[in-house]
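Student: This is the structure I have questions about; it appears just below.
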Amino acid sequence: MLDVIFVWGAIVLSIIIVIGITAVFWQLLAKYTTTKHFWDILLNELGYPSLSKVQFFVWTIIIAFSYITIYIIRFLAGEFGPPPGLSENILVLLSVSAIVPVGSARLNRYLNRSVKPVSTTPPTTILWRYMLLENEEPALHRYQMVLWTCISVSIYVIVIVTTIFNAQILADVATKLVLPDIDGKLVILMGLSQGAYLGGKAFSIKSKP
């Protein structure tokens with residue numbers, strides 16, 4: 001059975017790896033593109049924060065961190081192969097989260113909105129509030145997307161933490177320690193919320209991104 005200290009070590013190492021990969025990615029962006037700030041990857045073509053991109057980014061970081069942490073714990077326990085494959089629910093969630101930003105960008109263009117280069121405004125001045133606004137007013141479909149994202153991410157983080165610190169699982173890492181699945185009902189709710197987000201954007205002629 002692995003000691004808890006190894007679990008904490010795996011968590012710290014995972015954080016370092018994720019930050020390291022992100023730093024390399026940012027250096028490549030800074031060198032080969034006109035991007036000035038890392039957070040510009042979360043902006044749409046008009047320079048406003050994209051709610052769908054932020055959600056996709058959050059889920060990508062959470063799943064990547066969890067997978068790396070579980071792999072390191074299994075490695076420390078003598079299991080050198082990768083953890084079992086991602087569940088269908090996780091794949092569906094990541095797929096939908098990846099598709100929605102593309103659909104959102106297409107809608108922006110379809111609604112005849114003028115396109116300008118991505119803003120190079122420092123992160124402290126980015127208008128994050130526009131993620132919750134439609135036509136300069138609070139939008140329910142955006143709020144519910146943020147709400148369900150926060151709920152789903154919080155629940156999954158709790159599941160991950162309880163899994164990697166579970167004594168019974170640590171006693172049999174080889175067969176029991178795998179990347180936890182996401183509840184199917186939450187995946188459905190996330191899908192519905194993203195559908196409502198795209199629908200609200202489609203019927204808003206002058207919407208902010």
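All of the numbers you see were taken from the coordinates with simple rules; none came from a lab. Since this is a predicted model, take the numbers as computed values, not measurements. Note: ideal-geometry Cβ built from the backbone for every residue, glycine included; neighbour counts use all protein chains shown.
Student: Scan region 45-63 and report the pairs whose first residue is in contact (Cβ under 8 Å) with a residue 40 or more places away in the chain and on the phi < 0 side of the Ramachandran plot and whose second residue is crowded, with 20+ Cβ neighbours inside 10 Å and part of a loop (DSSP other than H, G, I, E, B), with Cβ atoms within less than 6 Å and a gap of 6+ or a chain change.
Tutor: Matching pairs, first to second residue: LEU46/PRO209; TYR48/LYS208; TYR48/PRO209; SER50/ASN44; SER50/PRO209.
Student: Checking ILE182 against (1) in a helix (DSSP H, G or I); (2) closer than 19 Å to VAL146 by Cβ: exactly one of these is not met. Which one?
Tutor: Going through (1) in a helix (DSSP H, G or I); (2) closer than 19 Å to VAL146 by Cβ one by one, ILE182 breaks only (1).
Student: Could you look through region 150-185, keep only residues that are free of Cβ contacts under 8 Å to residues at least 60 places away in the same chain and of a type in the set (A, V, I, L, M, F, W, C), and pick out the one that is surrounded by the most Cβ atoms within 10 Å (Cβ to Cβ)?
Tutor: Top of the filtered list is ILE169.
Student: For the subset of region 20-70 comprising residues that are part of a loop (DSSP other than H, G, I, E, B) and either within 15 Å of the chain's Cα centre (by Cα) or hydroxyl-bearing (Ser, Thr, Tyr) (or both), which member is nearest to VAL178 (Cα to Cα)?
Tutor: Per the stated criteria, the residue is SER50.
Student: Which residue is farthest from SER97 (Cα to Cα), if the candidates are limited to region 1-19 and must be in contact (Cβ under 8 Å) with a residue 24 or more places away in the chain and outside any helix (DSSP H, G or I)?
Tutor: MET1
Student: Okay, next question. Does ALA10 satisfy being aliphatic (A, V, I, L, M), closer than 30 Å to ILE169 by Cβ, out of contact with any Leu (no Cβ under 6 Å at 6 or more places or on another chain) and buried (at least 17 other Cβ atoms within 10 Å of the Cβ)?
Tutor: On the way: aliphatic (A, V, I, L, M): yes; closer than 30 Å to ILE169 by Cβ: yes; out of contact with any Leu (no Cβ under 6 Å at 6 or more places or on another chain): yes; buried (at least 17 other Cβ atoms within 10 Å of the Cβ): yes.
So ALA10 passes the test.
Student: I'm trying to understand the selection: among the residues of region 27-44, which are more than 28 Å from LEU107 (Cα to Cα) and touching a residue at least 12 places away in the same chain (Cβ under 8 Å)?
Tutor: Within region 27-44, none qualify.
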